[in-house]
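Visitor: Got a structure for you, written out below as structure tokens; questions coming shortly.
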Amino acid sequence: MKTRHIYKSVILAALFACTAETQAQTRLRADNIPQVIAEMTLEEKCHLVLGTGMGYGAEVKFPGTAGGTFAIPRLGIPAIYCADSNQGLRMSATRDFDSRNYWATDFMTSMTLASTWDRQAAYRIGKAIGNETREYGLDWILAPSMNLMRNVLCGRNHEYYSEDPYLSGTIAADYVKGVQSEGTAACIKHFVANSQETNRNNNDSRVSQRALRELYLRAFEIAVKEGNPWTIMTAYNNVNGQATCESEDLTETLLRKEWGFKGLVVSDWNAGKTPVKSMMAGNDMLQPGQERQYKAILEAVKNGTLPEATLNRSVSRVLELVVKSHDFAGYQYSNEPDLKAHAALDREIGAEGMVLLKNEDALPLGTQYNKVALYGCTAYDIIPGGTGFGGTMNGHYTVSLIEGLRNAGYTVDRQLIAKFKKHLADETKRLYPKGLPPFSLTPLKRAEEPELTAEELARETADNDVAIIAIGRKSGEAADRPKSEFYLYDKELQTIRTVADAYHAKGKKVVVLLNVCSPVETASWKDLVDGIVCTWQSGEQVGNSMADVLSGRVNPSGKLPITFAVNYGDAASDRNFPSDVDDKTLGSMFMWGYNKDKAPEKREPKKNIDFTNYEEDIYVGYRYFDSFDKTVSYPFGYGLSYTTFSYDNARIADNGGTYTVSVDVRNTGNRAGRNVVELFVAAPDSRKLNKPVKELRDYAKTALLQPGQTETVTMKVTAADLASFNEKASAWKTDAGTYDFLICSSAEKVEAKVSAKVKASVRKVNNLLKPQVKLNLLHR
């Protein structure tokens, strides 16, 4: 991409210094920001609230990074630099006239991390990424992405955490804490309701105030209050008719006044059409910066339509970030982060995030199986993560499934390797006759499965002990996935049926690995196989992580952060999502925001393209499936283990409106393992009051419990946590009554129950972001 706004900050700063009537002597410190602002020229202020361009020839510190801020050397203000990062620090590994490589660790997808249900895991991954950012000389990462997984086809689900705001918010908060423990700024995004990629720059998310407050804003609120991020990025989309980067309701009233956010608000890259409105709204920095934005802000201050005090407010927030930065501190970065330790961390946490969905004496492979037959193109082209700027690192190494199995001591059928290797090469030539593109925001085309002949299967079943089939799906930025991606393709289904029939006829087991970016259909075929592991996509060590779980070196402890529906269309949100949009180019038509040379075409607004009605309201994910008695294939929070656990002596204590729930978790099996305890709360009269049957309010993960070992798990919920949003009163309201606190192993499986009486309470908040159109909202 070539930006329209490429500053040469050193030259401009020198120019301002030379033309100033007096040379300022003040140097920026953390305690003199107002004085520094007073000595800045208006032109310097206007530059400081804009970025200095994005990558590939623009004003960035290193190639492939996202951008930077304006430097004013005469005032001691350095430029600071940012990079994309969800799966790891994104920057080019090579530089001109430099023989060294600058690889960053390719960590697991956010969905994989959330599947650990482990706050400490999120902290450790964030800390490692923050460390690599620091040691490679950058200051600020544009992560984590934490939009709610409203629909399984969203193109950026691999970057997001969950369909539940509490799980999303808490995992994001600890990721942020980890990043910032290294002195690196984190940036939670995309604020808010950025739940589809199709026409993302022009789409209007039409959401009730209740759903916004209880779901979409709630995740961000938790991350802000618990994680204290130094920056927040607004989204491309509109919310109820207003651009997020131009919404004072969002960035000032709610974010700062209600939640107490103290940091910098930055736009998404080239988002927004009116820079002066963004400044007025409290969107402090526009990235990557455009010349038209500079001119508009400068002129608005001169003619009085933008008060200079408002501009100074944003300048102050930029400087408050600068003084926290590595560049300001003069940190001498090493260019040598501990990549070996971080690879080991990716392997460990990647395995922890894998979810065992089915196991009929097939796993772990242990030592009873030695020879493995691998089927499915994905088994030979494993997917470490998504695409786009928050996805996997281009060109970095990936441990294949074959390598991982070999490292674990298994023998992989060589004739099958040769067959699939040739097939994949042929498919690549067919799909890309001119060669693979160097970079793509959206996923590359996937190869079709080859035919499996009876003769081949006869040899393979005789020569191998077990069959493993890998199914893959990949998502990316700027486009959502079609409905067909939810279902297995005909040749994939045929592979499962053919392999299962052949191996079962020989009394041998068949295991399926779901190397996917989001749920897929499983109900129609899961009874055909003996084991299913949802591996998600766990970064550069994916093959080793998979082999660790398959072999039993690691006992799976992951739980689903999103529901696996039976069919697409079963979820309420499926009715209002662009799953059948023919013109997928709408997803990227204006992907970089307002284009002065090409305005959007004039046409009648199209549903799910120009606007999306969130008519499912609060009933997203398990909140819908549970409350409306809809059968699912695998419920939210589900995940098996190679051992078993009991839940005993559940109790609850009320300490002035804080409810402490404890339970003794015991490993009743014969293998060491960890267990996730999920605390849902069911409100009284939920149907009458139009509330979900139950909602996740806390969770905890045990240590590694040896057989027979017990750990007491404690979780806490406050009365305020139990409130629902009342739109008429514009207030959070906790209804009085007896609440059931449900200790669960999934959204469908209640292991123990305790109850407590809760007093009524009301907390008034600002009435904001009201829909401009009437929505036909779902109601119990």
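Visitor: I need a count of the residues in the stretch 151-179 that are assigned to a loop (DSSP other than H, G, I, E, B) and farther than 17 Å from I618 by Cα.
Guide: Of the residues in that region, 6 qualify.
Visitor: Quick one: which residue in G388, G330 is on the phi > 0 side of the Ramachandran plot and surrounded by 21 or more Cβ atoms within 10 Å (Cβ to Cβ)?
Guide: Of the residues listed, the single one that is on the phi > 0 side of the Ramachandran plot and surrounded by 21 or more Cβ atoms within 10 Å (Cβ to Cβ) is G388.
Visitor: Quick one: which strands (runs of 3 or more DSSP E) lie wholly within the stretch 596-677 and hold at least 3 residues that are in contact (Cβ under 8 Å) with a residue 40 or more places away in the chain and within 28 Å of S755 (Cβ to Cβ)?
Guide: Answer list for the stretch 596-677: 645-654, 658-667.
Visitor: Would you confirm whether any residue within the stretch 279-299 is small (G, A, S) and modelled with pLDDT under 95?
Guide: Yes, there is a match, as at least one residue in the stretch 279-299 is small (G, A, S) and modelled with pLDDT under 95.
Visitor: Could I ask something else about it? State all residues of the stretch 18-30 that are open to solvent by 100 Å² or more (accessible area, probe 1.4 Å) and either among the aliphatic types (A, V, I, L, M) or at pLDDT 95 or above (or both); if no residue qualifies, say none.
Guide: Within the stretch 18-30, R27, R29 meet the criteria.
Visitor: Where the second residue is surrounded by fewer than 23 Cβ atoms within 10 Å (Cβ to Cβ) and the first is outside any helix (DSSP H, G or I) and lies in the stretch 213-231, which pairs have Cβ atoms under 7 Å and are six or more apart or on separate chains?
Guide: Qualifying pairs under 7 Å: P229/G263; W230/Q180; W230/G263; W230/L321; W230/K324; T231/G263; T231/L321.
Visitor: Would you say I188 is over 15 Å from E226 (Cβ atoms), touching a strand residue (DSSP E or B) at 6+ places or on another chain (Cβ under 7 Å) and either of a type in the set (A, V, I, L, M, F, W, C) or open to solvent by less than 10 Å² (accessible area, probe 1.4 Å) (or both)?
Guide: The answer is no for I188.
Visitor: Restricting to the stretch 197-235, name every residue that is farther than 20 Å from D721 by Cβ, open to solvent by less than 10 Å² (accessible area, probe 1.4 Å) and not small (G, A, S).
Guide: Answer for the stretch 197-235, where residues must be farther than 20 Å from D721 by Cβ, open to solvent by less than 10 Å² (accessible area, probe 1.4 Å) and not small (G, A, S): E197, T198, N199, R200, N203, V207, P229, T231, I232, M233, T234.
Visitor: Turning to a different aspect of this structure: Please go through (1) under 27 Å from the mean Cα position of the chain (by Cα); (2) under 20 Å from L212 (Cα atoms); (3) open to solvent by 30 Å² or more (accessible area, probe 1.4 Å) for L689 and return the number of the only condition it doesn't satisfy.
Guide: Just one mismatch for L689, condition (1).
Visitor: Do we find a residue being touching a residue at least 40 places away in the same chain (Cβ under 8 Å), touching a helix residue (DSSP H, G or I) at 6+ places or on another chain (Cβ under 9 Å), surrounded by 22 or more Cβ atoms within 10 Å (Cβ to Cβ) and more than 18 Å from K770 (Cα to Cα) anywhere in the stretch 248-264?
Guide: Scanning the stretch 248-264 turns up at least one residue that is touching a residue at least 40 places away in the same chain (Cβ under 8 Å), touching a helix residue (DSSP H, G or I) at 6+ places or on another chain (Cβ under 9 Å), surrounded by 22 or more Cβ atoms within 10 Å (Cβ to Cβ) and more than 18 Å from K770 (Cα to Cα).
Okay, residues lined up against (1) modelled with pLDDT of 95 or more; (2) open to solvent by 10 Å² or more (accessible area, probe 1.4 Å):
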{"position": "F16", "(1), (2)": "no, yes"}
{"position": "N32", "(1), (2)": "yes, no"}
{"position": "L42", "(1), (2)": "yes, yes"}
{"position": "V60", "(1), (2)": "no, yes"}
{"position": "A66", "(1), (2)": "no, no"}
{"position": "T94", "(1), (2)": "no, yes"}
{"position": "S115", "(1), (2)": "yes, no"}
{"position": "Q120", "(1), (2)": "yes, yes"}
{"position": "I129", "(1), (2)": "yes, no"}
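Visitor: Then there is this: For a quick check of your reading: which strands (runs of 3 or more DSSP E) sit entirely within the stretch 684-780 and have at least 1 residues that are among the small types (G, A, S)?
Guide: Because the criterion is at least 1 residues that are among the small types (G, A, S), the strands (runs of 3 or more DSSP E) in the stretch 684-780 that meet it are 695-701, 724-726, 731-734, 737-746, 749-758, 761-764.
Visitor: Where residues in the stretch 407-427 are among the polar types (S, T, N, Q) and under 22 Å from E540 (Cα atoms), which of them is most open to solvent (accessible area, probe 1.4 Å)?
Guide: N407
Visitor: Report the residue count in the stretch 277-307 for those that are open to solvent by 30 Å² or more (accessible area, probe 1.4 Å) and within 24 Å of V239 (Cβ to Cβ).
Guide: Summing the residues that are open to solvent by 30 Å² or more (accessible area, probe 1.4 Å) and within 24 Å of V239 (Cβ to Cβ) in the stretch 277-307 gives 3.
Visitor: Among the residues of the stretch 624-635, are any modelled with pLDDT under 95, farther than 19 Å from R575 by Cα and small (G, A, S)?
Guide: No, every residue in the stretch 624-635 fails to be modelled with pLDDT under 95, farther than 19 Å from R575 by Cα and small (G, A, S).
Visitor: Then there's this: Condition (residue is within 16 Å of L550 (Cα to Cα), modelled with pLDDT of 95 or more and buried (at least 24 other Cβ atoms within 10 Å of the Cβ)) applied to the stretch 337-345: is it met by at least one residue?
Guide: No, that holds for no residue.
Visitor: Still on this structure, I have one more. So, in the stretch 665-681, of the ones that are over 14 Å from T116 (Cβ atoms) and among the small types (G, A, S), which residue ends up surrounded by the most Cβ atoms within 10 Å (Cβ to Cβ)?
Guide: For the stretch 665-681, the residue satisfying everything is G669.
Visitor: Continuing with the same structure: Would a scan of the stretch 499-513 turn up a residue that is touching a Gly at 6+ places or on another chain (Cβ under 6 Å) and either crowded, with 20+ Cβ neighbours inside 10 Å or within 21 Å of S475 (Cα to Cα) (or both)?
Guide: yes
Visitor: Do we find a residue being outside any strand (DSSP E or B) and out of contact with any Ser or Thr (no Cβ under 7 Å at 6 or more places or on another chain) anywhere in the stretch 508-515?
Guide: Scanning the stretch 508-515, I find no residue that is outside any strand (DSSP E or B) and out of contact with any Ser or Thr (no Cβ under 7 Å at 6 or more places or on another chain), so the answer is no.
Visitor: To continue, here is another question. Kindly indicate which of G435, G404 is touching a residue at least 40 places away in the same chain (Cβ under 8 Å) and either surrounded by 12 or more Cβ atoms within 10 Å (Cβ to Cβ) or under 30 Å from P482 (Cβ atoms) (or both).
Guide: That would be G404, the only listed residue that is touching a residue at least 40 places away in the same chain (Cβ under 8 Å) and either surrounded by 12 or more Cβ atoms within 10 Å (Cβ to Cβ) or under 30 Å from P482 (Cβ atoms) (or both).
Visitor: Of everything in the stretch 556-569, what is under 20 Å from I469 (Cα atoms) and out of contact with any Leu (no Cβ under 7 Å at 6 or more places or on another chain)? Give them in sequence order.
Guide: Correct list: F564 only.
Visitor: On to the next question. Would you check if T398 is part of a loop (DSSP other than H, G, I, E, B), of a type in the set (V, I, T) and surrounded by 15 or more Cβ atoms within 10 Å (Cβ to Cβ)?
Guide: Yes.
Visitor: Of all residues in the stretch 106-131, count the ones that are closer than 25 Å to Q287 by Cβ and part of a loop (DSSP other than H, G, I, E, B).
Guide: Within the stretch 106-131, residues that are closer than 25 Å to Q287 by Cβ and part of a loop (DSSP other than H, G, I, E, B) number 3.
Visitor: Tell me which of these F70 doesn't satisfy, since it passes every other one: (1) surrounded by fewer than 21 Cβ atoms within 10 Å (Cβ to Cβ); (2) at pLDDT 90 or above; (3) not in a helix (DSSP H, G or I).
Guide: (1)
Visitor: Hey, another quick one. What's the total number of residues in the stretch 443-502 that are within 25 Å of T198 (Cβ to Cβ) and β-branched (V, I, T)?
Guide: 1
Visitor: Going through the stretch 714-745 one residue at a time, which ones are buried (at least 20 other Cβ atoms within 10 Å of the Cβ) and more than 27 Å from L768 (Cβ to Cβ)?
Guide: Y739, F741, L742, I743, C744, S745
Visitor: Which one is nearest to A479 (Cα to Cα) among residues in the stretch 537-573 that are of a type in the set (D, E, K, R) and either open to solvent by less than 20 Å² (accessible area, probe 1.4 Å) or modelled with pLDDT under 95 (or both)?
Guide: Ranking the candidates gives E540 first.
The values are calculated or read from the model by the stated rules, or taken from the named source; none is laboratory data. Owing to the predicted nature of the structure, the values given are computational and were not obtained by experimental measurement. Counting neighbours? That spans all protein chains shown, and the Cβs are built from the backbone with ideal geometry, glycine included. Accessible surface areas use protein heavy atoms only, side chains included; no ligands, DNA or RNA. Shrake-Rupley method; radii C 1.70, N 1.55, O 1.52, S 1.80 Å.
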